[in-house]
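Quick note: the coordinates plus some simple rules give every number you see, no bench work behind them. From a predicted model like this one, the values you see are computed outputs, not experimental measurements. Positions of Cβ are generated from backbone atoms using ideal geometry, with glycine treated the same way; all protein chains shown enter the neighbour counts.
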Amino acid sequence: MKENALLDRTFNFGVRCLKHLRTFPNTSEYSIIKYQLGKSSTSIGANYEEAQAGSSKADFKNKVRIALKEARESNYWLRVLKSIQEQNDDELNFLIQESNEIKKILASILNKLN
């Protein structure tokens, strides 16, 4: 995968999560999830973007590590949403799969840096 492709992919993931969150009700339980997922899903791309301008290999590695943590958190909140949904949600299923793939890619990048 080209470097820019992952930048695009993480950006698009965050945007798709934000757009999909608009479809959920504004109850107290959903509000918590929407807030947390909104932050974590957009943080993946933001941290990976910052990593591209890392001042050192250690700085790059740290930003990628943070992006991976945010991807894991996003995956968690997406799975919570799926668990409380009463209907099948194709976009939610896609986002869960995409978060899994992004986690694997970021973990692979970190493993190669060790």
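If you bin all the Cα-Cα distances of the stretch 1-46 at 10 Å, starting from zero, the percentages per bin are 29, 45, 20, 7, 0.
Among Ser41, Ser55, Ser31, the largest mean-square fluctuation in a Gaussian network model of the chain (Cα springs under 10 Å) belongs to Ser55. On the basis of the beta-carbon distance and an R0 of 35 Å, Ala58 and Asn93 show a calculated FRET efficiency of 0.40. Between Arg22 and Val80, the simple spin-label model (points 7 angstrom out along Cα→Cβ) gives 2.3 nm.
Sparse packing (at most 11 other Cβ atoms within 10 Å of the Cβ) combined with a DSSP loop state is found for the following GluC sites (Glu not before Pro) in the stretch 56-106: Glu86.
Split the chain at each of the trypsin sites (Lys or Arg not before Pro) in a DSSP loop with at most 11 other beta carbon atoms within 10 Å, and the longest piece is 23-114.
As a ratio to 2.2 N^0.38 Å, the alpha-carbon radius of gyration computed for the chain takes the value 1.08.
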